[in-house]
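As structure tokens, the structure follows; a few thoughts come after it.
The values are calculated or read from the model by the stated rules, or taken from the named source; none is laboratory data. Because the structure is a prediction, the values reported are computed rather than measured. No Cβ is skipped: glycine too gets one built from the backbone with ideal geometry, and neighbour counts run over all protein chains shown. In case anyone asks, the SASA skips ligands and DNA or RNA and just uses the protein heavy atoms, side chains included. Shrake-Rupley method; radii C 1.70, N 1.55, O 1.52, S 1.80 Å.
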Amino acid sequence: MIKTDVLILGGGLAGLSTAYHLNKISKLSSLIIEKEARPGGTASSISKKGFTFDFTGHLLHLHNPYGKAFIQDLLKGNLRELKRSSWIYSHEVLTRYPFQANTYGLPDPVIDECLFGFLKTVHRPRGNEKKTSSLSFKDWALKNFGEGICKHFLFPYNEKLWQRPLDSMTTEWQGRFVPAPKVSEVLHGALMDQKKAFGYNASFLYPRKGGIQSLPNALASRLKKSQIVLDSEVLSIDLKTNQALIKNLGIVSFKRLVNTIPLDQFISLIKDIPSGIEKATSELSSNSVYCLNLGVFGKVTQKKHWIYFPEKKYPFYRVGFYHEFSPFNAPKKSSSLYVEFSRNSKSKVNLSQLESLALKALKDCKILGSENRVIVKEWIPISCGYVVYDFKRTKALNVIFPYLARKKVESIGRYGAWKYSFMEEAIMDGKRCAEKLALC
Ligand SMILES: Cc1cc2nc3c(=O)[nH]c(=O)nc-3n(C[C@H](O)[C@H](O)[C@H](O)COP(=O)(O)OP(=O)(O)OC[C@H]3O[C@@H](n4cnc5c(N)ncnc54)[C@H](O)[C@@H]3O)c2cc1C
């Protein structure tokens with residue numbers, strides 16, 4: 001039987017970072033079990049016929065001083081800094097992101113609706129005095145942005161992304177993700193083309209070569225080869241005996257367990273799980289992201305990184321351009337695109353139907369022209385793409401996490417901790433987890 005001090009489930013950034021930091025600060029042995037043939041999880045890339053596709057756009061926006069220095073060191077000499085160029089396509093017009101601060105260029109009646117609605121929120125605030133934390137996302141958006149901005153962007157876009165009524169969702173996730181411009185900025189952006197950069201990702205870093213896969217590869221290369229088992233899978237976990245059954249390895253015994261695989265899947269692998277925990281887990285919801293990657297001959301949409309599509313007639317919520325992140329992501333005279341769809345994780349999806357709709361819509365909005373020829377089509381389904389912040393989530397987590405803590409299990413990363421987070425945060429989660437384990 002294989003024995004390790006720390007068994008780490010999942011070789012994405014959180015799992016890799018845990019093992020790396022354990023090596024650095026402790027004598028504890030650790031072993032990562034990864035289902036796929038490569039490390040990286042959702043921060044992976046696929047190369048085909050000279051195109052490099054990520055699992056939709058994966059841009060590095062670094063906020064933590066340690067995370068920033070660490071990632072810059074991992075990707076030394078292989079990073080480009082880019083100023084975000086993101087847009088919204090609606091009413092057959094492209095406007096700058098974020099919509100709420102950039103209505104200039106839209107048809108006049110739309111600008112009027114957005115502006116009047118927004119100004120009403122300022123001089124005649126809605127009577128809803130509930131704390132932000134108890135408002136639904138829908139009420140919060142109406143209260144802060146007014147009816148026009150909600151009608152023309154925030155509601156249709158978020159309904160497409162979240163695939164559920166917005167009054168069932170909380171505001172816990174939106175903090176840094178929904179920019180809140182000042183009144184003067186909303187006015188300015190309605191009267192003229194405002195070039196001010198808003199939001200947390202106004203500029204970002206991206207690998208020059210190798211797609212985002214270069215990041216987990218660089219991290220994995222700092223581990224001992226024997227520390228990560230690829231093409232393997234956790235099949236079941238016994239928390240009474242501290243043993244896990246692993247595909248291709250058999251039983252692995254551990255002193256401490258670190259989980260980074262989606263929390264609901266992880267719980268389903270634990271033997272003899274108490275019914276209360278099982279019930280709480282059944283309250284967790286997530287969305288699947290279906291990413292259609294396209295390798296296209298000919299140049300498309302120059303100097304734009306990605307475009308949001310709020311309108312129902314477009315089946316995708318966002319389209320992005322990998323070749324604008326790095327010219328090495330596509331062969332010369334070619335373009336590399338990602339097209340993103342979201343569905344409730346429980347829904348069945350017909351990918352060939354979605355593909356036909358997408359290709360037609362890409363022509364309708366003139367992203368693809370007659371001179372373009374699609375050379376490669378590559379679907380990447382991300383079965384757990386976005387954790388849903390509905391009103392059941394916090395209640396359920398308040399039952400699940402104390403149970404895991406009693407069992408001395410750490411559950412971290414975007415899906416292990418069941419949260420909306422980013423690559424840098426996954427790396428920081430791993431660091432914090434290693435520091436905690438090293439103290440035990
Ligand atoms: C559509 C989308 C866009 C995103 N864009 C950005 C962005 O622009 N910038 C940014 O910073 N972040 C972005 N992110 C978030 C980023 O991908 C994640 O925060 C980060 O990569 C999560 O790492 P993780 O290790 O927590 O999880 P994961 O990467 O999911 O790692 C978990 C690992 O567990 C493995 N696994 C699952 N089940 C098993 C099993 N039974 N046995 C063994 N292994 C298993 C998986 O294969 C995976 O490798 C985006 C995410 C999505 C979905």
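A few points about this structure:
Conditions tested, residue by residue: (1) away from the ligand (no atom under 16 Å from the Cβ); (2) not acidic (D, E).
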| position | (1), (2) |
| --- | --- |
| S356 | yes, yes |
| E410 | no, no |
| E425 | no, no |
| A434 | no, yes |
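- Residue check for A141: of a type in the set (G, A, S), out of contact with any Gly (no Cβ under 9 Å at 6 or more places or on another chain) and open to solvent by 20 Å² or more (accessible area, probe 1.4 Å): no
- Qualifying residue in region 79-98 (condition: open to solvent by less than 10 Å² (accessible area, probe 1.4 Å), in a helix (DSSP H, G or I), at pLDDT 95 or above and not assigned by TED's automatic domain parsing to the domain that holds S168): no
- Only one of the numbered conditions (1) open to solvent by 10 Å² or more (accessible area, probe 1.4 Å); (2) near the ligand (Cβ under 7 Å from one of its atoms); (3) over 17 Å from L230 (Cβ atoms) is violated by L60, and that is (1).
- Of the candidates L337, L357, the single residue that is touching a helix residue (DSSP H, G or I) at 6+ places or on another chain (Cβ under 9 Å) and either open to solvent by 10 Å² or more (accessible area, probe 1.4 Å) or more than 30 Å from G276 (Cβ to Cβ) (or both) is L337.
- Any pair with Cβ under 7 angstrom, 6 or more apart, that starts in region 66-78 at a residue that is touching a residue at least 60 places away in the same chain (Cβ under 8 Å) and ends at one that is open to solvent by 70 Å² or more (accessible area, probe 1.4 Å): N78/R208; N78/K209
- Each residue in region 261-320 was checked for being part of a loop (DSSP other than H, G, I, E, B), of a type outside the set (K, R), over 23 Å from the mean Cα position of the chain (by Cα) and not assigned by TED's automatic domain parsing to the domain that holds L368, and 3 pass.
Residues checked against (1) outside the structural domain of I228 (by TED's automatic domain parsing); (2) hydroxyl-bearing (S, T, Y); (3) within 12 Å of the ligand (Cβ to nearest atom):
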{"residue": "V6", "(1), (2), (3)": "no, no, no"}
{"residue": "L9", "(1), (2), (3)": "no, no, yes"}
{"residue": "G12", "(1), (2), (3)": "no, no, yes"}
{"residue": "S17", "(1), (2), (3)": "no, yes, yes"}
{"residue": "Y20", "(1), (2), (3)": "no, yes, no"}
{"residue": "N23", "(1), (2), (3)": "no, no, no"}
{"residue": "I32", "(1), (2), (3)": "no, no, yes"}
{"residue": "S44", "(1), (2), (3)": "yes, yes, yes"}
{"residue": "T52", "(1), (2), (3)": "yes, yes, no"}
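- Qualifying residue in region 13-34 (condition: more than 27 Å from R414 (Cα to Cα), in contact (Cβ under 8 Å) with a residue 12 or more places away in the chain and open to solvent by 50 Å² or more (accessible area, probe 1.4 Å)): no
- Residues located in region 112-133, provided they are more than 16 Å from N102 (Cβ to Cβ) and at pLDDT 85 or above: F116, L119, K120, T121, V122
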